[in-house]
1. Please calculate how many Å² of accessible area the range 48-102 carries per residue, with a 1.4 Å probe and no DNA, RNA or ligand atoms counted.
2. Using 23 Å as the Cα-Cα cut-off, could you pick out the over-long pairs in 294/333; 32/294; 122/241; 143/167?
3. Give me the percent of DSSP beta bridges within the range 154-296 that run antiparallel, rounded to the nearest 5.
4. Once you have the Kirkwood Rh of the chain from its Cα pairs, apply Stokes-Einstein at 10 °C and 1.306 mPa s and quote D in µm²/s.
5. Would you mind calculating the gained length between residue 337 and residue 102 on full extension (0.36 nm times residue separation, minus the Cα-Cα distance), in nm to one decimal?
6. Taking every DSSP beta bridge with both residues inside the chain, roughly what % is antiparallel (nearest 5)?
7. Quantify, in whole percent, the carbon and sulfur part of the accessible surface of the range 212-333 (1.4 Å probe; protein heavy atoms only).
8. Restrict the search to the range 245-339; then list the trypsin sites (Lys or Arg not before Pro) that DSSP places in a loop and that have at most 14 other Cβ atoms within 10 Å of their Cβ.
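The values are calculated or read from the model by the stated rules, or taken from the named source; none is laboratory data. The shown structure was predicted, so the numbers you read here are calculated from the model rather than taken from an experiment. Methodologically, a virtual Cβ is constructed for each residue, glycine included, from the backbone with ideal geometry; neighbour enumeration extends over all protein chains shown. Accessible surface areas use protein heavy atoms only, side chains included; no ligands, DNA or RNA. Shrake-Rupley method; radii C 1.70, N 1.55, O 1.52, S 1.80 Å.
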Amino acid sequence: MFDDHEVTVEQEINDTSAGRPHVLLLGAGASKAALPAGDKHGRPVPLLRDVAEDLNLVDLFPKILKDLAKEDFEAAYSRLHSEGSSEALNKIDILVRGYFSDLELPDTPNLYDIVNMSLRSKDVILTFNWDPFLLQSRIRLAKLGLTTSFPQLFFLHGNVMVGFCEKDATSGLVGRPCSRCNQPFSPSKLLYPVENKDYQSDSFIKREWEAAHHYLKGCLMFTAFGYSAPTTDKEAIELLKDGWGDIEDRAMEQTEVINRPGADKNALRETWDPFIHTHHYDILESFYDSFIAKHPRRSIEAYWNQYWEARFISDNPVPQNFASFDELAAWYKPLTDAE
Ligand SMILES: [Zn+2]
């Protein structure tokens, strides 16, 4: 018997009615969670604040900034920038770009593959990460032909794989030709002085933030994964807040914050306060506890049924360990077939 108050997994799979986006924001914690033992070759994935120590960059900072560099790389970089030491800045840029460019996803299915497969083209991923994992995953999934409906990606701090054509305001993989002028895309800038920011001065970054603003305004669910909202990155927080708008106007929208196990939930609640309307939030310790992982490719439909229609929904949790891409493909097939 069909019960109007319940939504089965099969009904969820066949419902593709949602038009509004789910916005997923990724920080360095997401890459840590995806690769706890490092990349394919065991290279560690540093958190942004630890970049100076992890990449042996501390010696490039003047004596007065060495301690700060160890504590908070971005803050120290920002100070170095305001002192105008272009030689040191260039060296740091080259080393950071080199390190992150060399990182590689392992050959087996990874959390990033699940992230890419669990949203669809109306949805959006905003990432602060320089590392190439999200794009490496996207490229291999596209080659396998599992879907053509991938979430849109925007790179809020630039990315080692993403380039830009200034003249045509188009972006693509670094080194590949721009579809309009045929000139190779130039690498996006990675490092910015975060304290007196500058998201407007670089045309690529400006465009990414405009997109972020647009989609944050229109989304019904917002999930922040592994982004600790550093106090130094004031403008990033302001821009995100501005995009989200007044929480009073977002009374039915849901915010999820995913952080590492054991993270201070009260501190996270406080950090994300501007995004949270009363009790409409969850603070989670794993991506697999999120709405995206429990309702892959249907998170907004599931949200709508549960919170607006007050129906009982069943979870359709994505498995945590796919042994192969064939297994992964088979699991997502009913979802992509229904689209
Ligand atoms: Zn061009």
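1. 55
2. From the list (294/333; 32/294; 122/241; 143/167), the Cα-Cα distance tops 23 Å for 143/167.
3. Of the beta bridges lying entirely in the range 154-296, close to 45 percent run antiparallel.
4. Value of D from the Cα-based Kirkwood radius: 76 µm²/s.
5. So the extension gain works out to 81.0 nm.
6. In the chain, DSSP labels about 25 percent of beta bridges as antiparallel.
7. Summing carbon and sulfur atoms, their accessible area is 50 percent of the total for the range 212-333.
8. Of the trypsin sites (Lys or Arg not before Pro), not one in the loops of the range 245-339 has a Cβ with at most 14 other Cβ atoms within 10 Å.
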